[in-house]
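One structure below.
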Amino acid sequence: MNINPPNPSEPPQGRPTWVDVDLDAVRHNFHLAKQAMKATRLPGQQIAIYPVVKADGYGLGATPIAKALHQSGADGFCVATVEEAVTLREAGIRAPIVLLAGFSRPQAPTIVKLELEPLLFRADEARYLAESANPKQPIAVHIQFDTGMARLGSSMDEALKMVHIIHQTAGLKLVGISSHLACADQPTRPENLKQVQKLRAILSHEGFANRTLRVSLANSGGLLGVPESHFDWGRPGIMLYGGSPFFPEMGWREAGLHAVARWHSRIIQIQTLDTGTPMGYGHTETTTRPSRIGQLPVGYADGLNRLHSNRKGWVAIEGVRAPIVGRVCMDLTAVDVTDIPAAHIGSEAILLGGDEAGIEPDVEEMATWTGTIPYEVLCRLGQRVPRRYLHQK
Ligand SMILES: *Cc1c(COP(=O)(O)O)cnc(C)c1O
């Protein structure tokens, strides 16, 4: 992908549909995470931030975002899968990479070779790693506890089995303990502090009390809303990409975040239609007045959800909201520009953004159209849409 086009006003590769990813906005959001963490630092305590770049950086591009954040002081990165870690290593990222979501036995040699730091939740995983571990090049592992989410995480019994295996294996060293918050999107819920207490109890257990272990609990919601959850290193995800971890109770602007993604397209045709003209697949809409209908070369294959059809969603054209009309197709989407006389062939359409004036749909509005959360809106941006990186250094 050409990520540094000579003329920034032109879309990459010439296709008039692309996503701009503002790396300065990512850096701003990263500094907010870091500031939050610093604010609760105890005297002499080292803190670290490991940005979560799983799912290709929440759909926006793990490699360029990780490179930008490494320059800005990120201490390491978190990914969900071994494949995601391989991609980062192949791109030349040598920083520590934490593997959040487990691995299978055939993947263990890759973890050892690339020196990934897995969060372990089953004793089997420690055994798989022990099979490929290299005493001359020991790798760091963490134990992930379930402290109340009832998702991935080990019990104390399972953890003690792992400690035993790790101790017997010269190629493995236990460096940390971690867990994940279930209700950090609502920071005042009592479950958050219960999980903190549970993690503290684990740390004072005789199996762990006398070790120097690096502890992590906080995701974005924990970093911004639950100071007690900070411990030694933070794992911010959604906030880096401009999504509020507190949606829908608190929006991204109120949380002080900057919008990162702006999804562009351009009108490639405008038809003038008489009243009573049926439009698009299934003729689901019929014009109720003489209309100007624009076509955008973007569709559900690009991640524009088909549930935006029939005026559920809109785009911003020439500073005005233009409703999506008829059914979103695989490669094309129609918009009603009757009330936008300035709209012409070549007019830019912003499908997702977050301008000051509030004309462009932001991740929260788009999430609302389909009853989802900003995380899913970003992750579903299609692979077919070129990404362009602004403010690359
Ligand atoms: C995805 C994930 C995160 C990041 O969560 P956000 O809510 O996006 O900040 C942190 N930790 C784990 C274990 C995760 O799976």
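The values are calculated or read from the model by the stated rules, or taken from the named source; none is laboratory data. Quick caveat: nothing in here was measured; it's all calculated off a predicted structure. Methodologically, a virtual Cβ is constructed for each residue, glycine included, from the backbone with ideal geometry; neighbour enumeration extends over all protein chains shown.
See the values below:
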read-out: For Thr17: the one exception among (1) within 30 Å of Asp302 (Cβ to Cβ); (2) among the β-branched types (Val, Ile, Thr); (3) surrounded by fewer than 17 Cβ atoms within 10 Å (Cβ to Cβ); value: (3)
read-out: Number of positions in the range 41-99 that are without any contact (Cβ under 8 Å) to a residue 60 or more places away in the chain and among the hydroxyl-bearing types (Ser, Thr, Tyr); value: 4
read-out: Residue match in the range 197-218 (condition: within 16 Å of the ligand (Cβ to nearest atom), more than 21 Å from Leu23 (Cα to Cα) and assigned to a loop (DSSP other than H, G, I, E, B)); value: yes
read-out: Flag for Thr286 being free of Cβ contacts under 8 Å to residues at least 12 places away in the same chain, more than 30 Å from Asp274 (Cβ to Cβ) and among the hydroxyl-bearing types (Ser, Thr, Tyr); value: no
read-out: Of the criteria (1) more than 17 Å from Arg214 (Cα to Cα); (2) in contact with a strand residue (DSSP E or B) (Cβ under 9 Å, 6 or more places away or on another chain); (3) within 16 Å of the ligand (Cβ to nearest atom), which one Leu32 fails; value: (2)
read-out: Positions within the range 231-255 being more than 15 Å from the chain's Cα centre (by Cα) and either away from the ligand (no atom under 13 Å from the Cβ) or on the phi > 0 side of the Ramachandran plot (or both), in sequence order; value: Phe231, Asp232, Pro248, Glu249, Met250, Gly251, Arg253, Glu254
read-out: The listed residue being surrounded by fewer than 23 Cβ atoms within 10 Å (Cβ to Cβ), at pLDDT 95 or above and of a type in the set (A, V, I, L, M, F, W, C), out of Ile139, Ile111; value: Ile139
read-out: Close pairs from the range 159-171: first assigned to a helix (DSSP H, G or I) and modelled with pLDDT of 95 or more, partner buried (at least 16 other Cβ atoms within 10 Å of the Cβ) and not small (Gly, Ala, Ser), Cβ under 7 Å, at least 6 apart; value: Ala159/Ile143; Ala159/Phe145; Met162/Leu120; Met162/Ile143; Val163/Leu174; Ile166/Val141; Ile166/Leu172; Ile166/Leu174
read-out: Yes/no for Leu223 being away from the ligand (no atom under 16 Å from the Cβ), over 13 Å from Thr147 (Cα atoms), in contact (Cβ under 8 Å) with a residue 24 or more places away in the chain and of a type in the set (A, V, I, L, M, F, W, C); value: no
read-out: Residue count for the range 187-213, restricted to those that are buried (at least 16 other Cβ atoms within 10 Å of the Cβ) and either of a type in the set (Asp, Glu) or touching a residue at least 60 places away in the same chain (Cβ under 8 Å) (or both); value: 0
read-out: Any hit, the range 141-148, residues being away from the ligand (no atom under 13 Å from the Cβ) and touching a residue at least 40 places away in the same chain (Cβ under 8 Å); value: yes
read-out: Residue identified as within 24 Å of Ser220 (Cβ to Cβ), without any contact (Cβ under 8 Å) to a residue 60 or more places away in the chain and outside any loop (DSSP other than H, G, I, E, B) among Glu365, Glu356; value: Glu365
